[in-house]
Amino acid sequence: MLSDDPLHLGVPLRTTLNFCIMANMAIPGVYVYKRNGRVAYVGRSDRDVYARESASFRAANYDLTVTIHERSSPFQAYRTECRLFHKYEPSDNDIHPAVPAGANWRCPVNGCCWS
Ligand SMILES: [Zn+2]
């Protein structure tokens, strides 16, 4: 990990206009929506972040730019989602990132009641 990357988020694969996203592989990941330039929602897909992101985008009036963090596994996607959730406290996220049924993952953020 990069030393100047304390949240271990890495470099987003792409920050682009939402309607330009084209992806042909299903990959876990996290997506970030902004409204008026401020992070408004963080979402995750354990299977196909691009398909999930496209479906969610229609749900609210977000800025056209979306940030996608591809991850190597659902667990890594969960950890990234938690870090972004705690960093930005997005207004449209009502609850803490969910753990899939049957998993016993813990939030990586110190002090969180899910850690
Ligand atoms: Zn947490």
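Read the figures in this text as sums done on the coordinates, not as results from a lab. All figures in this text were calculated on a predicted structure; none of them were measured in a lab. Ideal geometry is used to build each Cβ from the backbone, glycine not excepted, and the neighbour counts take in all protein chains shown.
The table below gives the values:
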read-out: Order of F75, F85 under a 10 Å beta carbon neighbour criterion, fewest first; value: F75, F85
read-out: Share of pairwise Cα separations in the range 30-108, more than 22 Å, in percent; value: 17 percent
read-out: Length released on extending from S115 to Y88, taking residue separation times 0.36 nm less the Cα-Cα span; value: 8.0 nm
read-out: Per-residue Cβ neighbour rank within 10 angstrom, fewest leading, Y31, Y62; value: Y62, Y31
read-out: Interchain or long-range residues, amide H under 5 Å from R44's placed H; value: Y31
